[in-house]
1. Please verify whether residue 143 is open to solvent by less than 40 Å² (accessible area, probe 1.4 Å) and over 30 Å from residue 46 (Cβ atoms), treating the condition exactly as stated.
2. Restricting attention to region 86-111, report how many residues are modelled with pLDDT under 95 and in contact with an Asp or Glu (Cβ under 6 Å, 6 or more places away or on another chain).
3. Identify the residue in region 45-59 that is open to solvent by less than 40 Å² (accessible area, probe 1.4 Å) and more than 24 Å from residue 223 (Cα to Cα) and, among all such residues, is nearest to the chain's Cα centre (by Cα).
4. Mind counting the residues in region 110-139 that are more than 21 Å from residue 33 (Cβ to Cβ) and surrounded by 15 or more Cβ atoms within 10 Å (Cβ to Cβ)?
5. Could you grab me the full set of residues in region 197-215 that are at positive phi and surrounded by 13 or more Cβ atoms within 10 Å (Cβ to Cβ)?
6. Is region 172-181 home to any residue that is over 27 Å from residue 5 (Cα atoms) and open to solvent by 50 Å² or more (accessible area, probe 1.4 Å)?
7. Provide a single number: the residues in region 234-254 that are surrounded by fewer than 18 Cβ atoms within 10 Å (Cβ to Cβ) and closer than 25 Å to residue 185 by Cβ.
8. At least 1 residues that are under 14 Å from residue 9 (Cβ atoms) and touching a Gly at 6+ places or on another chain (Cβ under 8 Å) in each: list the strands (runs of 3 or more DSSP E) lying fully within region 94-147 that qualify.
Amino acid sequence: MTKKIAFQGEPGAFSHAAANNVFPGEDAVGCVTFEETINAVQTGSADYAVVPVENSLYGRITDIHHLLPESGLFIIGDHFLRVEMTLLGVPGATLADIKSVQSLSVALGQCRKFITEHGLRTINAVDTAGSAREIAEKADKSVAAIASRFAGEIYGLDVLAANIEDADHNTTRFLVLSRDEKRAPQGGKVKTTFVFRVRNVPAALYKAMGGFATNGINMTKLESYMVGGQFTATQFYADIEGHPSDPGVVHAFEELGFFTDYFRILGVYPAADGH
């Protein structure tokens, strides 16, 4: 039976490409917002969600850090997608025909050198995939879109130039979310993601982190953000390499418990190869 995979964006978005990579052959369903994407899994209208959590150029995706811990969903995997920007034109158009280029402002900013070299006028849009769709609908040879190659395939556009981004290390990390907790077995390359809040005592965070250092646990991510709109209420989001049943992680979590008043594991999953 075909599974439904929720992603944020229009068909052809980079999130759609990530969902297609993780769940090839399944039914990818686009959602307008991250809230709708998560809600689709919560309500059962989708089996899984694939959402971006951080980008190598722009850092964390703030919405996910706020929504995920309260969602009741679990992380069951992650996926790294190399973000390759492609100049897409209507069938028959050539690079010489293009006078203007349309895309999300962030995407336009990532391709500044190419745009400047070719003297193109920029048109800001809501997203990359939507730009590809609009260019296909306009059928104007003088206007191109910057989007994924995947979007070009969906909307029947020609690739006029590939890999036009300024930085060749632009990569987005996605999380795979499920209603059911599916912990990876102990052994192999496992990542554990959790959230916690430290108690209001001096040097609580420093002491809480000490257990990971003394037990040789590599913490690959630590982010802080406010909760409840209060400057004094801070929650931390962390990734570590290891399984909760590993002796070193057990001891590190025990020590963490002395200095926290809230702790929750969001997922224990096979770690994808990073880029």
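1. Working: open to solvent by less than 40 Å² (accessible area, probe 1.4 Å): yes; over 30 Å from residue 46 (Cβ atoms): yes.
When the stated conditions are applied, residue 143 passes them.
2. So the answer is 3.
3. Going through region 45-59, the residues open to solvent by less than 40 Å² (accessible area, probe 1.4 Å) turn out to be 46, 48-53, 55, 59.
Remaining after also requiring more than 24 Å from residue 223 (Cα to Cα): 46, 48.
Numbers: 46: 18, 48: 14 Å.
Among those residues, the one meeting the criterion is 48.
4. Filtering region 110-139 down to residues more than 21 Å from residue 33 (Cβ to Cβ) leaves 110-123, 135-139.
Restricting the remaining residues to those that are surrounded by 15 or more Cβ atoms within 10 Å (Cβ to Cβ) gives 110-111, 114-115, 118, 120, 122-123, 135-136.
Total meeting the criteria: 10.
5. Answer for region 197-215, where residues must be at positive phi and surrounded by 13 or more Cβ atoms within 10 Å (Cβ to Cβ): there is none.
6. Going residue by residue through region 172-181, those that are over 27 Å from residue 5 (Cα atoms) are none.
For region 172-181, residues over 27 Å from residue 5 (Cα atoms) and open to solvent by 50 Å² or more (accessible area, probe 1.4 Å): absent.
7. Let us first name the residues in region 234-254 that are surrounded by fewer than 18 Cβ atoms within 10 Å (Cβ to Cβ), namely 234, 241, 244-245, 247-248, 250-251, 254.
This time we only want the ones that are closer than 25 Å to residue 185 by Cβ, so: 241, 244-245, 247-248, 250-251, 254.
Here the count works out to 8.
8. Values: elements: 100-104, 121-125, 143-147.
Where strands (runs of 3 or more DSSP E) fall fully within region 94-147 and carry at least 1 residues being under 14 Å from residue 9 (Cβ atoms) and touching a Gly at 6+ places or on another chain (Cβ under 8 Å), they are 143-147.
The values are calculated or read from the model by the stated rules, or taken from the named source; none is laboratory data. Keep in mind that what you see is a predicted model, and the values were worked out from it rather than measured. A quick note on method: Cβ atoms are made from the backbone with ideal geometry, for glycine too, and the neighbour counts reach across all protein chains shown. All accessible areas refer to the heavy atoms of the entire protein, side chains included, with ligands and DNA or RNA removed. Shrake-Rupley method; radii C 1.70, N 1.55, O 1.52, S 1.80 Å.
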